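Here is the structure we will look at, set down as structure tokens.
The values are calculated or read from the model by the stated rules, or taken from the named source; none is laboratory data. These numbers were taken from a predicted model, which means no experiment stands behind them. When we count neighbours, we look across all protein chains shown, and the Cβ atoms used for this are built from the backbone with ideal geometry, even at glycine. Surface accessibility is based on the protein's heavy atoms, side chains included, excluding ligands, DNA and RNA. Shrake-Rupley method; radii C 1.70, N 1.55, O 1.52, S 1.80 Å.
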There are 2 protein chains.
Amino acid sequence: VTSICLPDAEARDCVGTLPGGIDVVIWDGASDPVPGLDGVEVLVPPYMRPPTSAEALKALASLRLVQLLSAGVDSWLKRLPPGVVLCNGRGVHGGSTAELAVGGIVSSLRELPRHLDAQRAHRWDQHSGVTGLDGRRVLLLGAGDIGTRVAASLTPLGAEVTLVARHARDGVRALTELSGLLPEHQVVVIAVPYTTETHQLVDADFLASMPDGALLVNVARGAIVNTNALLAELTSERLHAFLDVTDPEPLPVDHPLWVAPHLQLTPHIGGGTLGWQQRAYRLVREQVIRFHRGEPLQNVVKVADGY
Amino acid sequence: VTSICLPDAEARDCVGTLPGGIDVVIWDGASDPVPGLDGVEVLVPPYMRPPTSAEALKALASLRLVQLLSAGVDSWLKRLPPGVVLCNGRGVHGGSTAELAVGGIVSSLRELPRHLDAQRAHRWDQHSGVTGLDGRRVLLLGAGDIGTRVAASLTPLGAEVTLVARHARDGVRALTELSGLLPEHQVVVIAVPYTTETHQLVDADFLASMPDGALLVNVARGAIVNTNALLAELTSERLHAFLDVTDPEPLPVDHPLWVAPHLQLTPHIGGGTLGWQQRAYRLVREQVIRFHRGEPLQNVVKVADGY
């Protein structure tokens, strides 16, 4: 028998009928431990909640796999007990996060906020001199699910897209080439995982390499960007930005980012559109069945020792 | 010798060096006729300006081809002297118009105006319950340059796209199937030419066939939509809309569309982003050389008798 732990009854409904030999325990990872946790091998924590504490994890004496519902895994990486495999929700939020990046680029380049103000003022303000994506070069940092979706979506709009990842491969440039690539691109989209390697990757030097008037889009994690360095470039009106994630997060009411010019801000809403639960629990269901049958897992982010 | 007429000196610069045997006259199609017009065979009128009057066209006694810089040709269709071929700027604005449609869809579905208000109020308002494109069905009316670009851009974001055109072909449904298709799609994008056939195509019946909460996007021509019928559906908060074009246009300051709920409005800015001139005059240049050499023309919209 394989025992799995789901965060709530809604999750249990979404997962649907499971093959015989798979038992389900309901626990949200934060409240007091419930009976049966000591036998749980697969933990599915709630979406976008702080990770289960080390103390609470102790109740999961048989834990072998943590299956997240998010693409980002940074808050869990150091929480994992030895021997536990970490898998993410790659593909679950890819569409909605990529969509927000694409919409953010268009909204910024085509000045949709300015048009909204004109609409509210009943003003037909057909200003010109705006630059669209056609013929523009877009640098995509991250060639995973989100990055490749954004690239595929922008190309038919006339953009020339360059994908960058840790290691070069066919159609993907290496992160080490970044300093040469940045000056040639008018739009940069951040869609890399947050790791020690990408912490503050977008620093003052990175931003200084972007050409005048370029647009930075971050739909990954706030701390990949040095907030003060970006603030300086926005305040001097040299760069534009669309941020779905910030550092800190949530942004305090008196934070200077709120009033920075040429910035559009959304409150970390990239994933989590309606329907994500269906996609997420389809993945959970498949993963649990794979685990139960001893088949290779998908979306493995970190293979702990001993698996 | 082939004589062509360009709207201004900037256009002349953009077209660049032309082969011997092609002469250029500069005239904007509106001011008093200039010397040499009687020999002009190819007329390139200015972008987004009312068509040259029938009276002014009389000066062009040798006219055989009108090459527009826009995708839309509706304002010229009935102005053509007999025997004159009409060509449009297909491809010139396709990227920027498709981009605005895609951005408009994302801005509407993901409620970017609401997030802009929250940003201006320094409020981190992470509301959920919003529906993105992933798993949504999008109906694209028009399978030309703009429609196919929008379709290609939305598909990687998880949307299921159905293309509709006058005649069914591989991957494209026929306009006659519309009433059956509308109830199954949550987003409808209008990207068809404005003709007698598409005038008021989006009427009360069309809109009534769209499901509750569906989004109508119009980046084609305002009069394809019955404004009053749309106003009724917006006011009752049953449908949402993103309109780059309206009927009438420009919208008078007291028009009810300005204050309709669930509507985002831009002032016919689909085409005309920076860089369009380069694309447009590359097309003009190629077309003029084709005409001069007696080769088949591209982007022919209407072949008048006698060509």
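The H on the amide N of B:Asp23, modeled in the peptide plane, is under 5 Å from the matching H of B:Thr2, B:Ser3, B:Ile4, each at least 5 residues off or on a different chain. Which of the helices in chain B, when you take each full DSSP H run, stretch at least 20 Å along the axis at their Cα atoms and have an average Kyte-Doolittle score of 0.5 or higher? Flagged H segments are B:94-109. Taking 0.890 mPa s as the viscosity and 25 °C as the temperature, the Stokes-Einstein diffusion coefficient of chain A based on its alpha-carbon Kirkwood radius rounds to 117 µm²/s.
The HN-Hα couplings worked out from phi for the stretch A:127-140 by the Karplus form 6.51 cos²θ - 1.76 cosθ + 1.60 (θ = phi - 60°) are 5, 10, x, 9, 9, x, 7, 4, x, 7, 9, 10, 9, 9 Hz, whole numbers, x standing for Gly and Pro.
For the protein assembly as shown, the number of Lys pairs with C-alpha atoms closer than 16 Å, counting only pairs eight or more positions apart or on separate chains, is 4. The distance linking the stretch A:265-306 with the stretch B:156-176 is 32 Å (Cα centroid to Cα centroid, whole angstrom). Note on the protein assembly as shown: Cα convex hull, mean projected area over all directions, 31.5 nm².
Coupling constants for the stretch A:200-207 follow from the phi torsions by the Karplus curve (6.51 cos²θ - 1.76 cosθ + 1.60, θ = phi - 60°), and in residue order they are 6, 4, 8, 9, 4, 5, 3, 5 Hz; glycine and proline get x. The Cβ shell under 13 Å around A:Gly91 holds other residues with a net charge of +1, Lys and Arg each +1, Asp and Glu each -1.
Can you give the helix-only mean residue ellipticity at 222 nm for the protein assembly as shown, where every DSSP H stretch with n ≥ 4 adds -39500 (n - 2.57) and the sum goes over all residues, rounded to the nearest 500 deg cm²/dmol? Mind showing how you got there, number by number?
On the way: 18 runs with 166 residues, N = 614.
Result for the protein assembly as shown, helices only: -7500 deg cm²/dmol.
Taking θ as phi - 60° and the Karplus parameters 6.51, -1.76 and 1.60, the scalar couplings of the stretch A:185-191 work out to 10, 8, 9, 10, 10, 9, 9 Hz in sequence order, x denoting glycine and proline.
So for the protein assembly as shown: antiparallel DSSP bridges make up what percent, rounded to the nearest 5? In the protein assembly as shown, DSSP labels about 10 percent of beta bridges as antiparallel.
Provide, as a two-decimal number, the C-alpha radius of gyration of the stretch A:125-269 over 2.2 N^0.38 Å, N being how many residues it has.
After normalising by residue count via 2.2 N^0.38 Å, the value is 1.01.
Put simply, the stretch A:214-302 fits an ellipsoid with semi-axes of 38, 14, 11 Å; these come from the alpha carbon gyration tensor as the roots of five times its eigenvalues, largest first. Note on the stretch A:1-115: Kirkwood hydrodynamic radius from all Cα pairs is 15.9 Å, rounded to one decimal. For the protein assembly as shown, give the percent of accessible area contributed by carbon and sulfur heavy atoms, probe 1.4 Å, rounded to a whole number. Taking all protein chains in place, the protein assembly as shown shows 50 percent carbon and sulfur surface. Kirkwood hydrodynamic radius for the stretch A:135-178: how many Å is it when counted over pairs of different Cα atoms? Evaluated on the stretch A:135-178, it is 10.3 Å.
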